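Down below is the structure, laid out as structure tokens.
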Amino acid sequence: MTSTPASTHASMPSGQRSPNASPPVSPPAIELRGISRAFGPVQANREIDLSVMPGTIHGIIGENGAGKSTLVSILYGFYQADEGEILIDGRRVDIHDSQAAIAAGIGMVFQHFKLVENFTVLENIILGSEKGALLRPVLAKARRELMDIEREYELEAPPDAKIEDLSIGQRQRVEILKALYRQARVLILDEPTGVLTPAEADRLFAILRRLRSEGKTIILITHKLREIMEVTDTVSVMRQGRMLATVATAATDIEELAERMVGRKVSLQIDKPCACLGDTLLEVENLHIETGTETPASPLAGIDFSLRAGEILGIAGVAGNGQSELLEVLAGYRRAKGSVRIKGCEVALSGSGIDAGSRRAAGLAHIPEDRQGVGLVMGFSVEENAILGYHRSFGYGTGALMDRSAIRSEAKRHITQFDIRPPDPGRAARDFSGGNQQKIVVAREIGAEPDILLIGQPTRGVDIGAIEFIHRRIIALRDAGKAILLVSVELEEILSLADRIMVMFGGRIMGERPAKETDERELGLLMAGVV
Amino acid sequence: MKTYHRPRSIFSADDPMRGSISAAIPRLRGLVGSLLLMLVAPMVWAQPAVIYDLGGKFDKSFSEMAYTGAKRWGDETGGRFLEIELQSEAQREQALRRFAERGANPVVMVGFTFATTLEIVAPDYPETNFVIIDSVVEAPNVRSVVFNEHEASYLVGVMAGLATRTDTVGIVGGMDIPLIRRVACGYALGVEAANPEARVIRNMTGTTSAAWNDPIKGAELTRSQAAQKADVVFAAAGGTNVGILQAAADEGILSIGADSNQNHLHPGSVLTSMLKRVDNIVYEAFKGGEAASAGVSVMGLANGGLGVALDEHNADLVDAKMKAAVDEAFDAIASGRIVVHNYTDDSECPANS
Amino acid sequence: MQRTMSDRVDIVLIPIISLFLAFSISALIIAGIGEDPFEAAALMVSGALGSAYGWGYTLYYATNFIFVGLAFAVAFHARLFNIGGEGQAMLGALGTALVALHIPWPHWSLALLGCGIGAALFGAFWALIPAWMQARRGSHIVITTIMFNFIAAALLNYLLVNHLRPEGSVAPGSALFPDAVHLPTLHDILSPLGFAFSKSTPANITAFLSVAAAILLWFFLWRTRTGYEIRTFGHSENAARYAGIDPFRITLIAMGLSGALAGLMALNATMGESERLILNPTEGAGFIGIAVALMGRCHPLGIVLASILFGFLYQGGAELALWTSIPRELIVVIQALVILFTGALDNMVRMPIERLLARSKRARSKA
């Protein structure tokens, strides 16, 4: 493997560059020299050197908290580097805010889209670059330019459709168009596939390749090694604020990258003993949701299943086929009809706030798929989040009062057991990386020692080291005789973790298979509604 | 000059020491300077003072009348007077005490809301003369001036009763408070006396003190009364009157102003104004200075404290018959032949309409 | 380290700069109408803070603002915009008056307790109606609480004119409260301790009560389970539902507490100062409470400090009105400028300051 130490720039054999790349004599499209940035005592970036040649796709990988987000934030002008300089096309630039970044030809596509939902595509694209007081002529001109861009890069988006009516993949294309409309030559994408279905991700990669062939430079921030291997020309690995290595993608493989990223050998293979089945803990019969006009969610149209102690039941399916609603109903905060029995006892399905509390009392815990909006209070500290939902437990004080020291020691226990970084119980949840946020939730829910655990998308947006960790904890819980219901859109995850797999489509269960007797192809057909 | 119980006072605009001392103090040290001045400022001449109620000085109504009287005194004598518009209830006692401590004399307060406070404060400043308008406070250094508004509103009611062609008249009050009910009751009795067929529509502008200064809502109510066939509307709502009179003029119906003479605002539309000469009270009190006497003055039609405005602006509206009727009613009330019922005596109004 | 520095900037430096800007513009306006701004400033400071007399009024106003500020803050922690502090305080005044007038209290301390309960219950009742309508019927609480302010004013007016007014009185006010209900003023409390405090000022024992309420509210919000639930609900309704927190219950608790605190203002204004029920017992304090709470960042300590600032503005403004010919509208303008700069235009000051700090920090780290 050709790797270079952190202090020198990447130099690659020209044969490994894409055919449309500029000749080697041209300066790098982006060059970073000695970038450092500290947040108080935390050194987020240390003397980062990086150069990306024009017309290439460059991947940056690293665990959560490795400093990737800080680095791109510096590039896009959200933060200023304490030290170091940025060169674009060989010229030194001062990127003090995002306007300066745009002027320098840098475009950014964020993980969470920055679009106005009830504006049209066209309105969103000109937003921030209106150029003039009257909107109509600007819109007409923008429409023409947009058409040109769409033709040039084979990227289509209906200009008059409202964002709220578009799919996630289409919204992402609007973000890309927005950057291109502002004449970006360098496009940075932060975890772009975290929200996409596999088909949409493939579509995105095709677009990226097309952009590369038109001479654009692309920086792809991701933790999904498979994507790095599939689409990038070169890849840099970051760990603990440092740039460890930059290598040509063709000269490395997944195992090596994973090892460099985590700093030790990672086992992506899950070995689990056979399931020792116990009592039936959860029974679901004929579960329905009637959707009114104000709740446009996928209805559940008669769900039946049961879950026994000591097994992991995986629910596969393309996002939006009722899996999220099923979890919410089971967790007690969505109204439904039908029958749900926990350990043989019928539970209420009113969906009022009290239900969720009584589920916990009955021994059911829930790791929700939306950790930022549901599983955590982002403005609260780790400490306060550590008791969310369990704040009425006796362990955290007597009567109306809360026992601060008991809560603090619980939070510290979570931090050590689940390796939450940075280990600061007073730090607000929003100041943690996605993976560490997920660990805060997982630590709390597993720490409550439930008999039944509902898990939604446990590893979405979570880095590889944390994935491995979370998977192990889930298996350990199963082996301890707990019942686990796992919902994930990642087929690979379901296949490797679950003992039984059900596939949901259109609010119904399309089929059930033992995990050992099925494969991606069969499940994929079920997920598409083909029986 | 008598000696007054006065604390060290903050300098005032007419303080004779002010020029010499503050000139010696650099501007930037103004803060320190005036603190110093507080300690060394000499006694000041007794100035009269007037305290306006929360409605403010320029309420186009009786507070403004009081200001007019004070200003007339100032213009005639060249004297200065102190004044404050209250902003909060707590300032009521504060202003009374501060003016009294400072040696202001007399201290005139405009409005019945001062009564309770004055009862407490007056004994503490026996050397200060207080004058309270619209309420009675029994104390050796307080002169109370009350008006029999119902007498004057009876008179304008007589005029309204004669002027209406539709047998429907209206009144728009400010807030539904006893004083306005008294005015409204006298008005209704007057209308009834002149025109037993007539109906009286009553509306109040609002329920908060903003009602005294809401011309837009007053205008709306006036239009609504016009729509109900009222063709004379009596405006008894302080600053709101402006809107009521305007709307009446726009609708082509007659209106009646209150407190000051508002005939000139819309000549040919304002039938008359019910006059309440608060200005005279303040003027006389200021003129009397420290010699003001205690006791209760009841101002009515007989002693000129109240009246109806007849001038060149409404001459065309008041025919001989109406004039005769008003004169007759005036004489009857002034001489005591007619006693107009006072609502606040028993909280009831004997008018039928 | 970074956080504490930015905290210090947030809490200390930015309000001071905002205040400075507000006072500078006020000074320009005062100079513009031909008065001396330095004299005016001196008058305000000496009149509001320069004597026991000044403090007596400043603290009286501050006490009102603390109660209504806390009231707004507790609802705001549950992300409920309670604009109805004014109406709730009016009902509190009604409750206070009814209790004070109709029960023969033997001693002021018992009366204070009784009137406090009356004020809190009436205020809470007035807040619970909009709370229930929001939680069960989805009526927006901003609209309903504003409307309830008007209903409260109308109700008070009706009761004062028709039922509570002593026979023969022209003024729409209740009878004076009996002497036994008279609350000790700061003069009564402090002079036995050797402090000479101005005799005729309205500041009274409820000033201590308001501070106690601030401390208790802090404890409630940050140290009790229900307080935790209120804050969770305020941060994220979805997270609250996930955590098994009943939105209905939290809405009612937060609003009920808010209304009760607003009602307690009447202990100071109605029981302590006017000693009878008057037509407008709140005088807009309910709305100032919103400004005070936002300026104090909805933290009890911040609210106490902001309340004292507004008490200063009110009493300083009164001194200006007494001794200068600055019209009272302009005094309102000065107060409004302070609200504008510290509340609404916060970011106008914050952003350049933060940029400046970031730049100087970078310059230092480079050097």
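The values are calculated or read from the model by the stated rules, or taken from the named source; none is laboratory data. Just so we're clear, the structure is a prediction, and the values are computed from it rather than from any experiment. As a convention, Cβ positions derive from the backbone with ideal geometry for all residues, glycine included, and neighbour counts pool all protein chains shown. Please note that ligands, DNA and RNA were not included when accessible areas were found on the heavy atoms of the full protein model with its side chains. Shrake-Rupley method; radii C 1.70, N 1.55, O 1.52, S 1.80 Å.
Values as computed for the structure displayed
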item: Subset of the stretch A:39-77 (residues that are assigned to a strand (DSSP E or B), on the phi < 0 side of the Ramachandran plot and open to solvent by 20 Å² or more (accessible area, probe 1.4 Å)); result: A:Phe39, A:Val42, A:Gln43, A:Arg46, A:Asp49
item: Per-region count, the stretch B:64-93, residues at pLDDT 85 or above, under 27 Å from B:Gly174 (Cα atoms) and open to solvent by less than 30 Å² (accessible area, probe 1.4 Å); result: 9
item: Subset of the stretch B:269-324 (residues that are in a helix (DSSP H, G or I) and open to solvent by 30 Å² or more (accessible area, probe 1.4 Å)); result: B:Asn280, B:Glu284, B:Lys287, B:Gly288, B:Glu290, B:Ala291, B:Ala320, B:Lys321, B:Lys323, B:Ala324
item: Residue check, C:Ala269 more than 14 Å from chain B (Cβ to nearest Cβ) and buried (at least 22 other Cβ atoms within 10 Å of the Cβ); result: no
item: Output for the stretch A:440-461, where each listed residue is more than 13 Å from A:Arg413 (Cβ to Cβ) and of a type in the set (D, E, K, R); result: A:Glu445, A:Asp451, A:Arg460
item: Options B:Arg181, B:Arg202: the member that is outside any helix (DSSP H, G or I) and open to solvent by 30 Å² or more (accessible area, probe 1.4 Å); result: B:Arg202
item: Residues within the stretch A:251-266 that are open to solvent by 50 Å² or more (accessible area, probe 1.4 Å) and farther than 14 Å from A:Leu225 by Cβ, tallied; result: 2
item: Hey, A:Asp479 closer than 19 Å to A:Gly310 by Cβ, open to solvent by 30 Å² or more (accessible area, probe 1.4 Å), touching a residue at least 40 places away in the same chain (Cβ under 8 Å) and touching a strand residue (DSSP E or B) at 6+ places or on another chain (Cβ under 8 Å) or not; result: no
item: Residue check, A:Glu384 crowded, with 24+ Cβ neighbours inside 10 Å, within 11 Å of another protein chain (Cβ to nearest Cβ), within 22 Å of the chain's Cα centre (by Cα) and among the acidic types (Asp, Glu); result: no
item: Qualifying residue in the stretch B:119-128 (condition: open to solvent by 10 Å² or more (accessible area, probe 1.4 Å) and among the aromatic types (Phe, Trp, Tyr)); result: yes
item: Output for the stretch B:62-99, where each listed residue is facing another protein chain (nearest Cβ under 7 Å) and basic (Lys, Arg); result: B:Arg97, B:Arg98
item: Any hit, the stretch A:433-440, residues being part of a loop (DSSP other than H, G, I, E, B) and either over 24 Å from C:Thr226 (Cα atoms) or open to solvent by 20 Å² or more (accessible area, probe 1.4 Å) (or both); result: yes
item: Residue list for the stretch C:208-224, filter: in contact with a helix residue (DSSP H, G or I) (Cβ under 8 Å, 6 or more places away or on another chain) and either open to solvent by less than 20 Å² (accessible area, probe 1.4 Å) or within 8 Å of chain A (Cβ to nearest Cβ) (or both); result: C:Ser210, C:Ala213, C:Ala214, C:Leu217, C:Leu221, C:Arg223
item: Count of residues meeting criterion [at the interface with another protein chain (Cβ under 7 Å from one of its Cβ atoms), surrounded by 20 or more Cβ atoms within 10 Å (Cβ to Cβ) and among the aliphatic types (A, V, I, L, M)] in the stretch A:387-404; result: 2
item: Test: residue in the stretch C:277-289 that is touching a Leu at 6+ places or on another chain (Cβ under 9 Å) and assigned to a helix (DSSP H, G or I); result: yes
item: Residues (facing chain C (nearest Cβ under 7 Å), surrounded by 17 or more Cβ atoms within 10 Å (Cβ to Cβ) and assigned to a helix (DSSP H, G or I)) located in the stretch A:359-374; result: A:Arg360, A:Val374
item: Some residue of the stretch B:227-234 being under 17 Å from C:Asn280 (Cβ atoms), within 19 Å of the chain's Cα centre (by Cα) and in contact (Cβ under 8 Å) with a residue 12 or more places away in the chain; result: no
item: Members of the stretch C:116-142 found to be in a helix (DSSP H, G or I) and open to solvent by 90 Å² or more (accessible area, probe 1.4 Å), listed by number; result: C:Ile117, C:Leu121, C:Phe125, C:Trp132, C:Arg136, C:Arg137
item: Tabulated pairs, the stretch C:230-246, first facing chain A (nearest Cβ under 7 Å) and assigned to a loop (DSSP other than H, G, I, E, B), second surrounded by fewer than 24 Cβ atoms within 10 Å (Cβ to Cβ) and of a type in the set (Val, Ile, Thr), C-beta under 7 angstrom, 6+ apart or interchain; result: C:Gly244/A:Ile354; C:Asp246/A:Ile354
item: Qualifying residue in the stretch C:255-266 (condition: within 14 Å of chain A (Cβ to nearest Cβ), surrounded by 18 or more Cβ atoms within 10 Å (Cβ to Cβ), within 22 Å of C:Asn82 (Cβ to Cβ) and not hydroxyl-bearing (Ser, Thr, Tyr)); result: yes
item: Answer from C:Leu330, C:Leu322 - the residue that is over 14 Å from the mean Cα position of the chain (by Cα), hydrophobic (A, V, I, L, M, F, W, C), facing chain B (nearest Cβ under 8 Å) and not in a loop (DSSP other than H, G, I, E, B); result: C:Leu322
item: The lone exception for C:Leu101 - which of (1) within 14 Å of chain B (Cβ to nearest Cβ); (2) at pLDDT 90 or above it fails; result: (1)
item: Selected residue (criterion: surrounded by the most Cβ atoms within 10 Å (Cβ to Cβ)) from residues of the stretch A:504-531 that are closer than 18 Å to A:Asp304 by Cα and under 22 Å from the mean Cα position of the chain (by Cα); result: A:Met504
item: B:Leu189 within 14 Å of chain C (Cβ to nearest Cβ), open to solvent by 10 Å² or more (accessible area, probe 1.4 Å) and assigned to a helix (DSSP H, G or I); result: no
item: Matching residues, the stretch B:189-214, being without any contact (Cβ under 8 Å) to a residue 40 or more places away in the chain, out of contact with any strand residue (DSSP E or B) (no Cβ under 7 Å at 6 or more places or on another chain) and closer than 28 Å to C:Asn280 by Cβ; result: B:Thr208, B:Ala210
item: Answer residue from the stretch C:143-174, given it is more than 10 Å from every other protein chain (Cβ to nearest Cβ), farther than 30 Å from B:Val145 by Cα and open to solvent by 40 Å² or more (accessible area, probe 1.4 Å) and is nearest to the chain's Cα centre (by Cα) among those; result: C:Ile146
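Here is a yes/no grid of residues against (1) more than 14 Å from every other protein chain (Cβ to nearest Cβ); (2) farther than 30 Å from A:Gly524 by Cβ; (3) surrounded by fewer than 17 Cβ atoms within 10 Å (Cβ to Cβ):
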| position | (1), (2), (3) |
| --- | --- |
| A:Gly317 | yes, no, no |
| A:Gly320 | yes, no, yes |
| A:Ser324 | no, no, no |
| A:Arg334 | no, no, no |
| A:Cys345 | yes, yes, yes |
| A:Gly357 | no, yes, no |
